[in-house]
Protein chains: 2
Amino acid sequence: MHELERIVGAAHVEHDTVVGDIAVPGVRATLVRPASASEVAAVVAWCYANDVALVPVGGRSGLAGGAAVLQAGAVAVSLGRLTAVRSFEPQLWRMEAEAGVTTATIARLARENGLSFPPDPGAPEQSQLGGTIATNAGGPHAFKYGATGDWVTGIEAVLAPGELVRVGGPLRKDVAGYDVRALLTGSEGTLGIVTAAWLRLTPAPEAQLPVVAAYPGAAAGCAAILRVLESGSLPAALEFFDEGAMRAAGAAFPLGALRGFVVIAEADGASAEAARVRDELREALAPGAAAVHAPDDVARAVWRWRDGVSLAVAAARGAKLSEDIGVPVDRLEEAIAQTVQIGARHDLEACSWGHAGDGNLHATFLLDPADEAQRGRAGEAAQELFELALRLGGTVSGEHGIGVLKRGQLTRQWAPAAVAAQRAIKHALDPKGLLNPGKKLP
Amino acid sequence: MHELERIVGAAHVEHDTVVGDIAVPGVRATLVRPASASEVAAVVAWCYANDVALVPVGGRSGLAGGAAVLQAGAVAVSLGRLTAVRSFEPQLWRMEAEAGVTTATIARLARENGLSFPPDPGAPEQSQLGGTIATNAGGPHAFKYGATGDWVTGIEAVLAPGELVRVGGPLRKDVAGYDVRALLTGSEGTLGIVTAAWLRLTPAPEAQLPVVAAYPGAAAGCAAILRVLESGSLPAALEFFDEGAMRAAGAAFPLGALRGFVVIAEADGASAEAARVRDELREALAPGAAAVHAPDDVARAVWRWRDGVSLAVAAARGAKLSEDIGVPVDRLEEAIAQTVQIGARHDLEACSWGHAGDGNLHATFLLDPADEAQRGRAGEAAQELFELALRLGGTVSGEHGIGVLKRGQLTRQWAPAAVAAQRAIKHALDPKGLLNPGKKLP
């Protein structure tokens, strides 16, 4: 391990330490903090030559345990010192940034220059570009704008056995090779370690106008969500919060305490266009609503509240178990209702909220952290959530990834031949199986 | 080969025939026309078991020879009978269509229901969904809306050794597995044969308002293109046609004969918003322009003309050699000027046109079909185009793919380790190397 100190400097190696977003009892690792992509490559080369497992660590805001160290003696590679914005050309709508730059920094740089980097996963101050690419992180505005990968035109990454490569660049279209860029995106560090990326940006919308509607229940709320689609409006975001989620988070709603089944649709664009879409959304959301609010100048407050919903739900009982299943949008009502019923069958209070337009819900069981039995029941209930998602034609993960927490679920979702293809790709790019072992793959 | 007749019916097998988009002298193949995805799987299984090469054949509108049969005795698999639209739910913005459905059919179905399927590669009546996915086809509106792959949420494909698999579905977000959907997209039939896809659609824009501006030369025209980006407007398309392309195609321009270096920027959206953006585009394009036209109700005529530019340029001398290189948009002017100079060095008339906003140009040499020496010089000149693209930080193919015509170019563009990764992926998914051999890979 002295070789690692030579590569990154002794001050940037922590031996025998506990790292990762999930601390596994008894597992201690070596944490290294390279300062550059070439240092990352040297670290990977040393590990690969010495059969040492590698766990890339970003901002540790992941929700599937993707950065957990599972094997004692593994090397955890923090990307936190790769914080350079290598180039930023606002007039050309593009940026090249290193893996350790936070989502908030990228968003701020874009915004200060009249541009937008639309992906908006939670924890913007903590999450890092490399991690959001490795998980293909989503967020509320993915409905109109797509997830992180849709804004990445090129990736610099270290592949086994320690090679620094670049695929793509400041190009909006490139079909010369296989889409290795897309393959690395969402691969959770199991195929390579992202060290930098070229991002495309887009002109910032002049106005963001949320419309907030509260309904007496999921049936009325989900009917409203489908009416938005039928109306032919294209909202920037289309979110829902069921009655349980609003019980936990509704008191802090910026327009005053709110209860019921809540839908938030946002119109954006130039001012007049955003106002026009806002009016369309209000009309589509009105039938069956107990209340519809669409004041100006609340977008920032509404999305700040939105960002806190997960914490508010966790705070209700002290803890929670949440799964980000996805279903076709016309099955959303069923998924929401079944989540509550699955909870009830396991004697757990359940709720859900999430990205309604994408059919992506955070199906959640409230937990008392002191109650071990309850946590066991929640684990069983989560298995039923995955079965539910697949029965409805959906996915076990819409945006958080598989990590270690959902490991093995893909074998329920994909046919054996597709799972075998994934395994073959993993073996092709990581023949020794040293890149983030125990993650993503069944 | 009698087994193939048993699988698809004797009427759907043509023995000893010449197929593909490029006829290779002396190479004859067996053409089979399966009627369903399961028949495609059976054909692949038989070929894989008998070590027979497979060439998937779509609408034969590809421009890189991706459907050429290179090995005598290979089996060409036409997807032309897989024409079912398996489901179409306009109110949910989604469709599942088989590989043989034409681009025009998908676009028409969407349009008739108030929706849009934005990818608009050339030859819409001929190109088929499977082929446009296999090449990740672009088109003018890729600037705002992305290429074909951006609208594919799921793929059904036959993988070696003959397994029918589905990845994704009617879901807008899914990170459960590696992005095998994206990996197959643009893989040109070398990793599997696409049999069907789930598509997402979007509300159709109410208005499409092109702005057409003519400039005295590339310098003024490219400055205008960069001004559009700086203006913060988001055009739906941003195209250019250099003076040589306009000499060949300008006489048929729907607003009257047009010469010079021409830029077409299109505003789209709800009527008022499209008009607002149109005015912004007109303002950004005006400085240095000899003429700016922005009449209503010409979008259809302008895009029909646009679709014919390639043929008009070929007709100028009887033939052409065209390469779809891509460069960062700020290097476009240099790429356009260098294309003409490369032509001059090889005593060839050269011109270019293409997707300016994406930095994707069709760099073209005009040819007399009877002049063999000229064709030889054009081949040498094309090599210089590829070098040019890479020197400018670009790609050898922005949207047409590698096929057989650009085979080997990737080794100039990617580092050896990245090329090795591509090779490893190919070997992982097609260990016998029977899927479209001689294509895409160096």
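The values are calculated or read from the model by the stated rules, or taken from the named source; none is laboratory data. Note that the coordinates shown come from a computational prediction; the quantities given were computed from them, not determined experimentally. No Cβ is skipped: glycine too gets one built from the backbone with ideal geometry, and neighbour counts run over all protein chains shown. Surface accessibility is based on the protein's heavy atoms, side chains included, excluding ligands, DNA and RNA. Shrake-Rupley method; radii C 1.70, N 1.55, O 1.52, S 1.80 Å.
Summing +1 for each Lys or Arg and -1 for each Asp or Glu, what net charge is found among the other residues whose Cβ lies under 9 Å from the Cβ of B:ALA207? Walk me through the numbers before you get to the answer.
Working: positive: B:ARG278; negative: B:GLU206, B:ASP268, B:GLU273, B:ASP296.
Neighbour charge sum, excluding B:ALA207 itself: -3.
Placing +1 on the Cβ of every Lys and Arg and -1 on the Cβ of every Asp and Glu, with nothing else charged, gives the range A:207-300 a dipole about its Cα centre of roughly 240 debye. Ordered by solvent-accessible area of protein heavy atoms (1.4 Å probe), largest first, the residues A:THR202, B:THR105 come out as B:THR105, A:THR202. Starting from the label point of A:ALA290 at 7 Å along Cα→Cβ, the same points in the other copies fall at 6.8 nm, in ascending order. Taking the Cα centre of chain B as origin, sum charge times position over the Cβ atoms of Lys and Arg (+1) and Asp and Glu (-1), and report the length of that vector in debye to the nearest 20. It comes to approximately 540 debye.
Taken as Cα centroids, the range B:31-52 and the range A:219-292 sit 49 Å apart, rounded to the nearest whole angstrom. Solvent-accessible surface of the range B:309-391, taken per residue with a 1.4 Å probe and all protein chains present: 36 Å².
Length gained on full extension, A:ARG108 to A:GLU283, computed as 0.36 nm times the residue gap minus the Cα-Cα distance: 59.7 nm. Restricting the calculation to Cα atoms, the protein assembly as shown shows an Rg/Rh of 0.96 when the hydrodynamic-style radius is the Kirkwood one. Between copies, the label points of B:LYS432, set 7 Å from Cα on the Cα→Cβ line, lie 3.4 nm apart, reported in increasing order to one decimal in nanometres. Quantify how much of the Cα-Cα distance distribution of the range A:135-256 extends past 24 Å, in percent. Beyond 24 Å sits 49 percent of the P(r) for the range A:135-256. When the Gaussian network model of chain B links Cα atoms closer than 10 Å, the mean-square fluctuations of B:GLY256, B:GLY221, B:GLY398 top out at B:GLY256.
Other protein chain C-beta atoms within 10 Å of residue C-beta, averaged over A:421-433: 5.
Once all protein chains are placed together, A:HIS355 keeps about 10 Å² accessible to a 1.4 angstrom probe. Using a probe radius of 1.4 angstrom, the carbon and sulfur fraction of the accessible surface of chain A is 50%.
Relative to its Kirkwood radius, the Cα radius of gyration of chain A gives an Rg/Rh of 0.97. Taking every alpha-carbon pair in the range A:309-391 and binning the separations at 5 Å intervals from zero gives 3, 17, 30, 24, 16, 7, 2, 0 percent. Computed with a 1.4 angstrom probe on protein heavy atoms, the A-B interface buries about 5800 square angstrom of accessible area in total.
Averaged over the residues of B:354-362, the number of partner chain Cβ atoms lying within 10 Å of the residue Cβ comes to 2. From the Kirkwood radius over Cα pairs of the range B:215-346, Stokes-Einstein at 37 °C and 0.692 mPa s returns a whole-number translational diffusion coefficient of 210 µm²/s. Across the options B:PHE365, B:HIS346, B:ALA415, the greatest Cα extent toward the positive end of the charge dipole of the range B:302-442 (unit charges at beta carbon of Lys, Arg, Asp, Glu) belongs to B:ALA415.
Just the accessible area per residue of the range A:207-300, please: how many Å² with a 1.4 Å probe? Using a 1.4 Å probe on heavy atoms only, each residue of the range A:207-300 averages 35 Å². Which residue fluctuates the most in chain B, going by a Gaussian network model with Cα springs under 10 Å, if the choices are B:PRO295, B:PRO140, B:PRO161? In this elastic network of chain B, the residue with the biggest mean-square fluctuation among B:PRO295, B:PRO140, B:PRO161 is B:PRO295. Of the residues making up the range A:129-169, those losing 30 Å² or more of accessible area when the isolated chain is joined by the remaining protein chains, with a 1.4 Å probe, are A:PHE143, A:VAL165, A:VAL167. Charging the Cβ of each Asp and Glu at -1 and of each Lys and Arg at +1, and nothing else, the dipole of the protein assembly as shown about its Cα centre rounds to 980 debye. Against chain B, whose longest principal axis comes from its Cα atoms, helix B:37-49 is set at around 60 degrees. Each copy carries B:ALA252; placing its label point 7 Å along the C-beta direction from Cα gives inter-copy distances of 6.3 nm, listed from smallest up.
Entry comment: accessible area of the range A:63-186 is 29 Å² per residue, from protein heavy atoms only and a probe of 1.4 Å. Distance from the alpha carbon centroid of the range A:151-179 to that of the range A:370-398 works out to 36 angstrom. For A:ASN50 and B:GLN383, a Förster radius of 45 Å and the Cβ-Cβ distance give a FRET efficiency of 0.55, rounded to the nearest 0.05.
Which percent of the Cα-Cα distances in the range A:194-253 go past 17 Å? Taking all Cα-Cα pairs of the range A:194-253, the fraction more than 17 Å apart is 58 percent.
Per residue of chain B, the DSSP helices (runs of n ≥ 4 H) give a summed -39500 (n - 2.57) that works out to -10000 deg cm²/dmol at 222 nm. Taken one residue at a time, the phi angles of the range A:217-234 give Karplus couplings (6.51, -1.76, 1.60, θ = phi - 60°) of x, 5, 4, 5, x, 6, 4, 5, 4, 5, 5, 4, 4, 4, 5, x, 7, 10 Hz. Gly and Pro are set to x. Within the shell of other residues whose beta carbon sits under 11 angstrom from the beta carbon of B:LEU92, the net charge comes to +1, with Lys and Arg scored +1 and Asp and Glu -1.
Length available on full extension from B:ASP307 to B:GLN91: 0.36 nm per residue minus the Cα-Cα distance, which gives 74.7 nm. Highest mobility in the GNM of chain B, judged by mean-square fluctuation with C-alpha springs under 10 Å and restricted to B:GLY130, B:GLY168, B:GLY189, is found for B:GLY168.
For the range A:49-130, what D do you get in µm² per second when you plug the Kirkwood radius from alpha-carbon pairs into Stokes-Einstein at 25 °C and 0.890 mPa s? The diffusion coefficient I find is 174 µm²/s.
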